[in-house]
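Each remark here refers to the structure printed beneath this line.
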Amino acid sequence: MTTRLEKRFAQLKSQGRAAFVTFITAGDPDFDTTLGLLNGLPAAGADVIELGMPFTDPMADGPSIQASSQRALRNGASMKKTLELVRRFRESDNSTPIVLMGYYNPIYHMGVETFLGRAIEAGVDGLIVVDLPPEEDDELCVPAMKAGLNFIRLATPTTDDKRLPAVLANTSGFVYYVSITGITGSASPQARNVEAAVKRIKGHTDLPVAVGFGIKTPEQAAEIARAADGAVVGSAIVDAIAREIGTDGRVTPGAVERVLEFVGKLADGVHAARKAAAE
Amino acid sequence: MTDKEVASVSLTKANSLRSGPDERGRFGIFGGRFVAETLMPLVLDLDKAYRHAKADPAFQAQIDYMQRDYVGRESPLYFAERLTGHLREKSSVSGGKGGAKIYFKRDELNHTGSHKINNCLGQILLAMRMGKTRIIAETGAGQHGVATATVCARFGLPCVVYMGTTDIERQKPNVFRMKLLGAEVIPVTSGTGTLKDAMNEALRDWVTNVENTYYLIGTVAGPHPYPAMVRDFQSVIGEETKRQMMEREGRLPDSVVACIGGGSNAMGLFHPFLDDPSVKIYGVEAAGKGIETGEHCASLKGGSPGVLHGNRTYLLQDEDGQIKDGHSISAGLDYPGIGPEHSWLHETGRAEYVSATDREALDAFQLCSQLEGIIPALEPAHALAFVTKLAPTLPKDHLMVMNLCGRGDKDVFAVADHLGVTL
């Protein structure tokens, strides 16, 4: 079975383009804003959407995404509502892949089988669960694969050649290369290092490699898109959402459009990059 | 030694409750290594380095020397005569069985004032063996922060301690102590500014500074090998207790009691007794304002299994799997989880877990001060509160050991405040 993710990356490859992967947190700052953003992201240029599952203790995330989780949870976000967002998005879009990203506890608490069933029913394509390394594959990765979901693994600068095969073994969809040792939204990666790392990973797998952590501007996104099969932007988009929130905790009118406009600029960076390189 | 030989040493204690965890760091279903990929290679390195160190007599000799001459071990096993007498009176009034004979394991007499130094000493020696040059730690009450800052000063390593802003407010003396010792104390504002948030922030530092940094975790939690390693370094408490009780009474104690936040002092006392079925084991969690109020830190009594900070264990969480903030008068017990080995001992029934409220701990705090001339920390005051309830129901020949794991100097201001006294 070919998943939406696999189809999308194959399509982009044939077009000679890199994927623009966007991250937003489900329910940040409220359900309707997220739904508006989700519905607008594909037209703004997002090829793949990562939707953050809010968690009280996002240990691998920097201040931007921590704050987005807290905003969402304060306004009543939950796993049930995250899945509902995906379901509503699927009513109008059946081709853009959605990857849920977050931490294991809310999934474990719901029950792995229940969660997988509901995620597939809602139209989820893949999972990124930060605190499940290959050593814990039998928890969720293997059941998710059996259920037909892609399980996308993070590879990092500390994942050496000896360990890489274990990390890639049960990975599908794409490989997410974390370009720095650090938390989300912190230091920006060096394009040269990224290029070398992507080459190293590609020596071990045929899967597309997307790169994230620390990409903040269309220029940086373009640089990464030249070196990898995809560029992931999270904190910068989440920050753009945060700027739209007034002192009353509500978003200002026109917020969704303005955030999507920013996303559009990032997308242009990513999509222009490969063309420039090809010409 | 080769890896194979080291592995075979760790497999020698089959059919024992003391042989855990397994190769994956599991105690039953609890424990494990639930960390981000960036940290996973470090966690595996640490596991290997610790297994080698454990099998190296020179490493143990180094620890023993420092424990004796720097920490002041062994700590005394003290017969709490007036407390015993007081509770025996209570027993006779209430028609009890006479009242147990109570001993305190005096780990509050250690250098830095608590059991925390036992673990810090072991881990900093390991960090240096591994060539690490920077130490980070989280702290709640500040006792682990002080102990970490102390060993960092002693061995000349830079030290960064993460501490929640709420805890900084209620543990000011310890914050100043850490600074005097040369540590940098970084206030953590996320969440409720308590121990769990400090641990998140320490993990974020570690994931950013993987090359040179050693994360010195203060309790029997976190990804494998931390729960087992911290337990091993703390087991000196139980081993000494066993030996001292044999010398004093010619037999094992009938029960051992310790307070539990993450559970390191308790695990250190309990572990050497796990294979002695005649010894009853009691862990005392913080019931805060009462378990029924929801404002407490009793993960076993009021929580359910989940995954946080690298391990599966009992957690305080809501119906969506979001972690709830605990409440306790004691900053050191204010953690929404518990070490995974405790979760396993709870489920297997080898240990019994009970709880004591803020109020009960405050009463025990004063009772101990007045009857024994020992001002205990608020953390072991919880254990003592349970002792005052249990001891009167037991016969006079029942030998009970409570771990007095910290002294109360740090709590004097907070307790005055709770008692409505202006200093």
Quick count over region B:189-219, residues being of a type in the set (Val, Ile, Thr), surrounded by 24 or more Cβ atoms within 10 Å (Cβ to Cβ) and either modelled with pLDDT of 95 or more or within 22 Å of residue B:405 (Cα to Cα) (or both), is 3
Of all residues in region A:1-26, which are open to solvent by less than 10 Å² (accessible area, probe 1.4 Å), touching a helix residue (DSSP H, G or I) at 6+ places or on another chain (Cβ under 6 Å) and not in a strand (DSSP E or B)? A:18, A:26
Determine, yes or no, whether residue B:59 is open to solvent by less than 50 Å² (accessible area, probe 1.4 Å) and either assigned to a helix (DSSP H, G or I) or within 14 Å of chain A (Cβ to nearest Cβ) (or both). yes
Search result, residues across region A:51-69 that are in contact with an Asp or Glu (Cβ under 8 Å, 6 or more places away or on another chain), open to solvent by 20 Å² or more (accessible area, probe 1.4 Å) and at the interface with chain B (Cβ under 10 Å from one of its Cβ atoms): A:59
Among the residues of region B:23-32 satisfying the criterion of being on the phi < 0 side of the Ramachandran plot and open to solvent by less than 20 Å² (accessible area, probe 1.4 Å), which is farthest from the other protein chains (Cβ to nearest Cβ)? B:27
What are the residues in region B:161-180 that are open to solvent by 10 Å² or more (accessible area, probe 1.4 Å) and in contact with a strand residue (DSSP E or B) (Cβ under 8 Å, 6 or more places away or on another chain), if any? B:162, B:165, B:168, B:175, B:179
If you scan region A:138-151, which residues turn out to be open to solvent by 20 Å² or more (accessible area, probe 1.4 Å) and either touching a residue at least 60 places away in the same chain (Cβ under 8 Å) or within 13 Å of chain B (Cβ to nearest Cβ) (or both)? A:138, A:139, A:148
Only one residue in B:56, B:107, B:69 is in contact with a Ser or Thr (Cβ under 8 Å, 6 or more places away or on another chain) and acidic (Asp, Glu), so which one is that? B:107
Helices (runs of 4 or more DSSP H) (entirely within region A:152-253) containing at least 3 residues that are open to solvent by 20 Å² or more (accessible area, probe 1.4 Å): A:164-169, A:191-202, A:218-227
Among A:158, A:114, A:96, A:171, which is within 8 Å of chain B (Cβ to nearest Cβ) and out of contact with any His (no Cβ under 6 Å at 6 or more places or on another chain)? A:158
Given the structure, is residue A:166 more than 8 Å from chain B (Cβ to nearest Cβ), under 20 Å from residue B:42 (Cα atoms), out of contact with any strand residue (DSSP E or B) (no Cβ under 9 Å at 6 or more places or on another chain) and of a type in the set (Gly, Ala, Ser)? yes
Being among the basic types (Lys, Arg), outside any helix (DSSP H, G or I) and at pLDDT below 95, is that true of even one residue in region B:132-149? no
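Conditions tested, residue by residue: (1) in contact with a Pro (Cβ under 6 Å, 6 or more places away or on another chain); (2) surrounded by fewer than 20 Cβ atoms within 10 Å (Cβ to Cβ); (3) not aromatic (Phe, Trp, Tyr).
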position: B:222; (1), (2), (3): no, no, yes
position: B:226; (1), (2), (3): no, no, no
position: B:232; (1), (2), (3): no, yes, yes
position: B:253; (1), (2), (3): no, no, yes
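The values are calculated or read from the model by the stated rules, or taken from the named source; none is laboratory data. The structure presented is a predicted model; accordingly, all values stated were derived computationally and were not measured. Heads up, the Cβs are rebuilt from the backbone with ideal geometry, glycines too, and the neighbour counts pull from every protein chain shown. Please note that ligands, DNA and RNA were not included when accessible areas were found on the heavy atoms of the full protein model with its side chains. Shrake-Rupley method; radii C 1.70, N 1.55, O 1.52, S 1.80 Å.
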